[in-house]
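Asker: Quick one: the structure is below, questions incoming.
Throughout, read-outs are computed from the coordinates displayed, never taken from laboratory work. Because the structure is predicted, anything quoted here is derived from the model rather than measured. Glycine gets a Cβ as well: all are built from the backbone with ideal geometry, and neighbour counts include every protein chain shown.
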Amino acid sequence: MTARKFARKLLSKAEQDLLVLKKLQADPDITTEILGFHAQQAAEKMLKAVLAARQIRFPFTHRLTELIDAIKNTGTPFPQEFEALRYLTPFAVEFRYDFLGDDDEDFDASATITLLEDFREWVIPLTEIK
């Protein structure tokens, strides 16, 4: 599989997570952990898509900080507005297996969706590299 095809596949998978997040956000029975998990997964796959498009091997990690730093290390300017994606990292593992506690209200699904949609618009042209 070419780097471009792999990047586009990762982006497609990220879009699926984003779609799930959008559909579930209004459901009061869906927990913050589940919403956060899909947000984190969307961000992770988009970050990996950028790296794949640049033919950069990325680590098997859910730590978004590592992936963001890897992008920066390619010389690709990483917009400051997307630094907040780092805060989704705990949803990959910690919040799924530990008791979340009273921090539920700290997660703003609508703002996170907007951030991810904006990030997707930044990522798309980066995955079109031929």
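Asker: Please give the contour-minus-distance gain from Thr65 to Gln16: 0.36 nm per residue of separation, less the Cα-Cα distance, rounded to one decimal in nm.
Answerer: Numbers: separation 49, 0.36 × 49 = 17.64 nm, distance 2.20 nm.
Length difference between fully extended and current span is 15.4 nm.
Asker: Please list, in order along segment 8-17, the HN-Hα scalar couplings obtained from phi with the Karplus expression 6.51 cos²θ - 1.76 cosθ + 1.60 (θ = phi - 60°), rounded to whole Hz, x for Gly and Pro.
Answerer: Calculated HN-Hα couplings, in order: 5, 5, 4, 5, 4, 5, 5, 5, 5, 5 Hz.
Asker: On to the next question. Could you work out the pair-distance distribution P(r) of the chain from its alpha-carbon pairs, with 5 angstrom bin width and percents rounded to whole numbers?
Answerer: Histogram of Cα-Cα distances, whole percents per bin: 2, 11, 22, 24, 19, 11, 7, 3, 1, 0.
Asker: Also: With a 10 Å radius around each residue's Cβ, average the other Cβ atoms per peptide and rank 71-77, 21-27, 8-14, highest first.
Answerer: Numbers: 71-77: 11.9, 21-27: 14.3, 8-14: 18.7.
Going from most to least packed, we get 8-14, 21-27, 71-77.
Asker: Among the chymotrypsin sites (Phe, Trp or Tyr not before Pro) in segment 35-93, which ones are in a DSSP loop with at most 11 other Cβ atoms within 10 Å of the Cβ? Mind listing them? Let's see the in-between values first.
Answerer: Details: sites: Phe37, Phe60, Phe82, Tyr87, Phe91; in loops: Phe60.
Counting only loop positions with at most 11 other Cβ atoms within 10 Å, the chymotrypsin sites (Phe, Trp or Tyr not before Pro) in segment 35-93 are Phe60.
Asker: Give me Rg/Rg_expected for segment 1-78, where Rg uses Cα atoms only and Rg_expected = 2.2 N^0.38 Å with N residues. Walk me through the intermediate numbers first.
Answerer: On the way: Rg = 13.7 Å, N = 78, 2.2 N^0.38 = 11.5 Å.
So segment 1-78 has a normalised radius of gyration of 1.19.
Asker: Across segment 67-72, in residue order, what do the Karplus-derived ³J(HN,Hα) couplings come to in whole Hz, using 6.51 cos²θ - 1.76 cosθ + 1.60 with θ = phi - 60° and x for Gly and Pro?
Answerer: Rounded to whole hertz, the list is 5, 4, 4, 5, 5, 4.
Asker: Picking from Gln80, Gln16, Gln40, which is most flexible by a Gaussian network model of the chain using Cα springs under 10 Å?
Answerer: Checking each option, the largest mean-square fluctuation is seen for Gln80.
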